[in-house]
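> Sharing a structure, written as structure tokens. Questions coming.
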Amino acid sequence: MKLLSALVPPLLGLALLGLARPGRAEAAAEEDEEEDGVLVLRAASFERALAAHKHLLVEFYAPWCGHCKALAPEYAKAAAQLQADGSGIRLAKVDATEESELAQQFGVRGYPTIKFFKNGDKSSPREYTAGREADDIVNWLKKRTGPAATTLADAAAAEALVDSSEVTVIGLFKDVESEAAKQFLLAAQSIDDIPFGISSSSDVFSKYQLSKDGVVLFKKFDEGRNNFEGDITKENLLNFIKSNQLPLVIEFTEQTAPKIFGGEIKTHILLFLPKSVDDYQEKLDNFKTAAGNFKGKILFIFIDSDHSDNQRILEFFGLKKEECPAVRLITLEEEMTKYKPDSDELTAEKIKEFCDQFLEGKVKPHLMSQDLPDDWDKQPVRVLVGKNFEDVAFDETKNVFVEFYAPWCGHCKQLAPIWDKLGETYKDHENIVIAKMDSTANEVETVKVHSFPTLKFFPAGPGKNVIHYNGERTLEGFQKFLESGGQDGAGDEEDLEDLEADEADETDLEEGEEDQKIHKDEL
């Protein structure tokens, strides 16, 4: 698991503000601080900005954050677009590393965090969760500040709406008070990042060659237009839009990530393909041909495996650049599960066959494993990999305490010396084993790791029992836990998930950019 528009405040309004508050010239100047049409807010100017602007979108960012850097030009573009439209919506940004009290006040725990303030209300700003392209930002804001669907008086208005965005949905109804029209508006209210229009104009019916009530999705890619067929209900319309709003193949970038991971389709197939290869277009076309068979079922994603920003995604799937082109499939349900095709062929037929077999439940999960080091058991802390995990963790004669870590994780680095001391403490114990496993390179079916570090205890005895450690991460805390047989400091899985989720967010906030791994809006 991560933005919007701006209208330059009228000079007259600023002048009146200055007159109304004599002696506040310096404060007024501070409020006017902007970069690329985006207000730059600090603790001293935040309240005034809320009072001055009915609708204010605020990005809390960190200067070192790669996601924030990628967002910046789109955020500025959205601000300019709103200004050109004559909108009163303002975009603003706060450097959360400088204004830490503001960040804390509004629950900022990762970057960028974007919140929408309406009518100066600080108590419950709305979290921005749509895409990170200018159109996404503008459309989301317009939906939040205007009607769910724009009334289109004539064909010119409809054409202008279609031209304004990459994806647009228009409902045409002879009677805009009909039940079908009401269902259309309910669907429009449920989607933040796509503009909707509604019309009863014969001019619009004629332009789009409809003779009866209907809904049309327009898009600036693939086939360009999709006509809805079936009963016009909110649910049917949402399914129709879900199946058609994204390209058959979407490239993974900073901007498209929220669309990919925030969408309804949770089964993704990824093509890792360097743009530099000679047959790049041929392989991409094959992938696109296969994608046409799985609209609404599997999302087809292309990743440029040469791009430096994507190297950690390759690592996540256990791939090296020299192994690309390659295909992997992942499900993003409660548990992320990866799948690998048996064949390395990247023809449309082979990709379709792999997807069909997956949907039929005939493909087994693909679990990564490093090779077992020769000295894996020579140190006080045993080294586990996928290949030896089951044999060690579920040894019925041993109590095994395992840290599942990531090499880049700041919390894991802090824990490392304590874990080493724990290993020293029990290195000669007859039945207690301290171990660790790099979970970015090794996976096991019996343990799903959601964040780092994750600590689990495998008690001696029959059966594959697992106890989740939820206590203090101190040498004393670990010793109490082990001496109590895995009771003092144990927590049920739900408690652990809450703790892990909190710590995952903290890592996004606390770690520098170079120490970041895959963020929440990546895999």
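> Scanning for something acidic (Asp, Glu), more than 30 Å from PHE228 (Cα to Cα), open to solvent by less than 30 Å² (accessible area, probe 1.4 Å) and not in a strand (DSSP E or B), does the range 304-318 turn up at least one residue? Quick ask: steps written out before the conclusion?
Within the range 304-318, the subset acidic (Asp, Glu) is 304, 306, 309, 315.
Those still in the list that are more than 30 Å from PHE228 (Cα to Cα) too: 304, 306, 309, 315.
If we keep only those that are open to solvent by less than 30 Å² (accessible area, probe 1.4 Å) as well, we get 304.
Now narrow it down to the ones that are not in a strand (DSSP E or B): 304.
Yes, there is a match, as at least one residue in the range 304-318 is acidic (Asp, Glu), more than 30 Å from PHE228 (Cα to Cα), open to solvent by less than 30 Å² (accessible area, probe 1.4 Å) and not in a strand (DSSP E or B).
> For the range 51-69, which positions are open to solvent by less than 10 Å² (accessible area, probe 1.4 Å) and over 20 Å from the mean Cα position of the chain (by Cα)?
Once the filter is applied, which keeps residues that are open to solvent by less than 10 Å² (accessible area, probe 1.4 Å) and over 20 Å from the mean Cα position of the chain (by Cα), the range 51-69 yields only LEU56.
> Do we find that ALA76 is modelled with pLDDT of 95 or more, open to solvent by less than 60 Å² (accessible area, probe 1.4 Å) and not in a helix (DSSP H, G or I) in this structure? Give the steps one after another, and end with the answer.
Details: modelled with pLDDT of 95 or more: yes; open to solvent by less than 60 Å² (accessible area, probe 1.4 Å): yes; not in a helix (DSSP H, G or I): no.
Taking the combined requirement at face value, the residue does not satisfy it.
> List the number of the failed condition for LYS427; all other conditions in (1) open to solvent by less than 30 Å² (accessible area, probe 1.4 Å); (2) out of contact with any Ser or Thr (no Cβ under 9 Å at 6 or more places or on another chain) hold.
With respect to (1) open to solvent by less than 30 Å² (accessible area, probe 1.4 Å); (2) out of contact with any Ser or Thr (no Cβ under 9 Å at 6 or more places or on another chain), LYS427 is out only on (1).
> State all residues of the range 207-222 that are part of a loop (DSSP other than H, G, I, E, B), surrounded by 15 or more Cβ atoms within 10 Å (Cβ to Cβ), of a type in the set (D, E, K, R) and under 36 Å from the mean Cα position of the chain (by Cα); if no residue qualifies, say none. Before the answer, list the steps.
If we filter the range 207-222 for residues that are part of a loop (DSSP other than H, G, I, E, B), which is where we start, we get 208-213, 220-222.
Keeping just the survivors that are surrounded by 15 or more Cβ atoms within 10 Å (Cβ to Cβ) gives 208, 210, 213, 222.
With of a type in the set (D, E, K, R) added as a condition, the list becomes 213, 222.
Correct list: ASP222 only.
> A follow-up question, please. Could you pull out the residue among SER200, SER123, SER178 that is more than 22 Å from GLU254 (Cα to Cα) and in contact with a Phe, Trp or Tyr (Cβ under 7 Å, 6 or more places away or on another chain)?
Numbers: SER123 fails: in contact with a Phe, Trp or Tyr (Cβ under 7 Å, 6 or more places away or on another chain); SER178 fails: in contact with a Phe, Trp or Tyr (Cβ under 7 Å, 6 or more places away or on another chain).
That would be SER200, the only listed residue that is more than 22 Å from GLU254 (Cα to Cα) and in contact with a Phe, Trp or Tyr (Cβ under 7 Å, 6 or more places away or on another chain).
> Mind listing whichever residues of the range 97-127 are under 22 Å from GLY262 (Cβ atoms), open to solvent by 70 Å² or more (accessible area, probe 1.4 Å) and assigned to a loop (DSSP other than H, G, I, E, B)?
Scanning the range 97-127 gives ARG109, SER124.
> Just checking, how many residues over the range 445-462 are open to solvent by less than 50 Å² (accessible area, probe 1.4 Å) and under 16 Å from VAL392 (Cβ atoms)? Even if it seems obvious, please write down each step before you answer.
As a first pass, look at the range 445-462 and keep what is open to solvent by less than 50 Å² (accessible area, probe 1.4 Å): 447, 449, 451-461.
Filter again for under 16 Å from VAL392 (Cβ atoms), leaving 447, 455-461.
So the count comes out to 8.
> GLY292 passes all but one of (1) open to solvent by 20 Å² or more (accessible area, probe 1.4 Å); (2) small (Gly, Ala, Ser); (3) more than 25 Å from the chain's Cα centre (by Cα); which number fails?
All conditions pass for GLY292, except number (3).
> Exactly one condition in (1) open to solvent by less than 30 Å² (accessible area, probe 1.4 Å); (2) within 22 Å of ASP154 (Cα to Cα) is false for SER200; which is it?
(1)
> Still on this structure, please answer the following. When you look at ASP391, is it in a helix (DSSP H, G or I) and either surrounded by fewer than 16 Cβ atoms within 10 Å (Cβ to Cβ) or not small (Gly, Ala, Ser) (or both), yes or no?
Yes.
> Tell me, please, whether a residue that is modelled with pLDDT under 50 and surrounded by fewer than 18 Cβ atoms within 10 Å (Cβ to Cβ) can be found in the range 476-494.
So far as the range 476-494 goes, yes, one or more of its residues are modelled with pLDDT under 50 and surrounded by fewer than 18 Cβ atoms within 10 Å (Cβ to Cβ).
> In the range 326-375, how many are part of a loop (DSSP other than H, G, I, E, B), open to solvent by 40 Å² or more (accessible area, probe 1.4 Å) and not hydroxyl-bearing (Ser, Thr, Tyr)?
Qualifying residue count, the range 326-375: 20.
> Residues in the range 128-178 that are open to solvent by less than 10 Å² (accessible area, probe 1.4 Å), in contact with a strand residue (DSSP E or B) (Cβ under 8 Å, 6 or more places away or on another chain) and β-branched (Val, Ile, Thr): how many?
Looking only at that region, the number is 4.
> Mind listing whichever residues of the range 235-268 are of a type in the set (Asp, Glu) and not in a helix (DSSP H, G or I)? Steps first, answer last, please.
First pass over the range 235-268, keeping only residues of a type in the set (Asp, Glu): 235, 251, 254, 264.
The answer is GLU251, GLU254, GLU264.
> Something else now. Is it the case that LYS93 is buried (at least 22 other Cβ atoms within 10 Å of the Cβ), among the charged types (D, E, K, R) and either outside any strand (DSSP E or B) or touching a Leu at 6+ places or on another chain (Cβ under 8 Å) (or both)?
For LYS93, the condition - buried (at least 22 other Cβ atoms within 10 Å of the Cβ), among the charged types (D, E, K, R) and either outside any strand (DSSP E or B) or touching a Leu at 6+ places or on another chain (Cβ under 8 Å) (or both) - is met.
> Restricting to the range 273-303, name every residue that is under 16 Å from LYS321 (Cβ atoms) and part of a helix (DSSP H, G or I).
Let us first name the residues in the range 273-303 that are under 16 Å from LYS321 (Cβ atoms), namely 273-277, 280, 283, 302-303.
Hits for the range 273-303 are TYR280, LYS283.
> OK, next. When you check ALA44 against the structure, is it modelled with pLDDT under 95, in contact with a Ser or Thr (Cβ under 9 Å, 6 or more places away or on another chain) and not charged (D, E, K, R), yes or no?
On the way: modelled with pLDDT under 95: yes; in contact with a Ser or Thr (Cβ under 9 Å, 6 or more places away or on another chain): no; not charged (D, E, K, R): yes.
The answer is no for ALA44.
The values are calculated or read from the model by the stated rules, or taken from the named source; none is laboratory data. Predicted model only: the values in this text are computed from it and were never measured. Note that each Cβ is placed from the backbone with ideal geometry, even for glycine, and that neighbours are counted across all protein chains shown. Side chains are part of the model used for accessible areas, which takes the heavy atoms of the whole protein and leaves out ligands, DNA and RNA. Shrake-Rupley method; radii C 1.70, N 1.55, O 1.52, S 1.80 Å.
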